[in-house]
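The block underneath contains the structure these notes are about, expressed in structure tokens.
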Amino acid sequence: MNDASLADEDLFLETPDGRIELTDLGRSYYAPYFGYAGIDIRSVLTREDLNRAERAAFPCMHAYMTRRIKTRSQTLESRALLAVLLDDSDTYERVLRQLKTRRLLSVVSGSSGGPPSPT
């Protein structure tokens with residue numbers, strides 16, 4: 001599941017008095033990010049606490065995402081994202097060309113069900 005598809009109800013349950021209880025997914029989603037920013041996830045008890053923690057952690061987002069992506073499998077996609085985060089336009093352009101080539105090769109080889117035959 002990617003982050004864009006997560007909804008509040010996936011991450012926490014909110015009581016009528018404004019308190020929240022993080023789901024297991026919510027804890028695994030927020031704890032590393034907040035921890036990187038020095039915020040104890042156990043201190044997040046209300047929706048306002050969550051909003052405050054997100055605002056406080058935001059300045060650390062760039063460094064956090066860079067570190068996370070460096071530890072992932074280095075696919076072309078993750079290398080492109082890392083190049084954007086590091087403002088490395090040369091690497092980004094090279095990886096983008098590789099992605100375009102891969103897409104073209106998959107279209108050509110996928111059209112007949114097998115690799116293209118030489119003519």
Inter-residue pairs, beta-carbon under 6 Å, first closer than 10 Å to residue 39 by Cβ and in region 50-61, second part of a helix (DSSP H, G or I), 6+ apart: 53/34; 57/33; 57/34; 60/36
Whichever residue in region 88-113 is modelled with pLDDT under 90 and part of a loop (DSSP other than H, G, I, E, B) and, among such residues, is surrounded by the most Cβ atoms within 10 Å (Cβ to Cβ): 112
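The values are calculated or read from the model by the stated rules, or taken from the named source; none is laboratory data. Predicted model, so just to flag it, every value in this text is computed and none were measured. Don't worry about glycine lacking a Cβ; one is built from the backbone with ideal geometry, like all the others, and counts go over all protein chains shown.
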